[in-house]
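The values are calculated or read from the model by the stated rules, or taken from the named source; none is laboratory data. Please read these numbers as outputs of a predicted model, since none were measured by experiment. Positions of Cβ are backbone-derived with ideal geometry, glycine not excepted, and every protein chain shown enters the neighbour counts.
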Amino acid sequence: MSASEDRPSTWTFLTHHARVLVEIARDPAVRLRDIADKIGITERAVQNIVSDLYEAGYLARERIGRRNRYSLNLDQHFRYPTEADLPIGLLIGILIGRDLPGTPGGLEPTPAGEQGTRSDVRNGPGET
């Protein structure tokens, strides 16, 4: 029996990029240090991921004093070709919807013609 057969595999279904998005969806004012602690990667790795997500249009940053507040573009589509027709709002809704009382289906993509970013993604379309 080899050493690799002795220990279980450590792969997961979600990438670190997805996990960072979920943490920001849960708390738009979250500190990057807290995200790093929560998902088990370095703060520098979280900084790089947030930069990637910002440059790709998945999130926006607003500076408030010494802190950042993030908003997600839930209408931005997945990058991989087989899911490129689906908005990330579907995944975020599934993953944070379970955290919200009375939210059976989580979030839906923003209807056409409405703003696609939200400071607090816990609200559904048109809600404040």
Being out of contact with any Phe, Trp or Tyr (no Cβ under 7 Å at 6 or more places or on another chain), over 24 Å from residue 13 (Cα atoms), surrounded by fewer than 14 Cβ atoms within 10 Å (Cβ to Cβ) and at pLDDT below 55, is that true of even one residue in segment 103-111? yes
Give the residue that is farthest from residue 16 (Cα to Cα), with candidates limited to residues of segment 35-71 that are crowded, with 17+ Cβ neighbours inside 10 Å and in contact with a helix residue (DSSP H, G or I) (Cβ under 6 Å, 6 or more places away or on another chain). 70
Of everything in segment 26-55, what is assigned to a helix (DSSP H, G or I), free of Cβ contacts under 8 Å to residues at least 24 places away in the same chain and not aliphatic (A, V, I, L, M)? Give them in sequence order. 33, 34, 37, 38, 43, 44, 47, 48, 51, 54, 55
Scan segment 57-75 and report the pairs whose first residue is without any contact (Cβ under 8 Å) to a residue 60 or more places away in the chain and in a strand (DSSP E or B) and whose second residue is surrounded by fewer than 17 Cβ atoms within 10 Å (Cβ to Cβ) and of a type in the set (Phe, Trp, Tyr), with Cβ atoms within less than 7 Å and a gap of 6+ or a chain change. 61/54
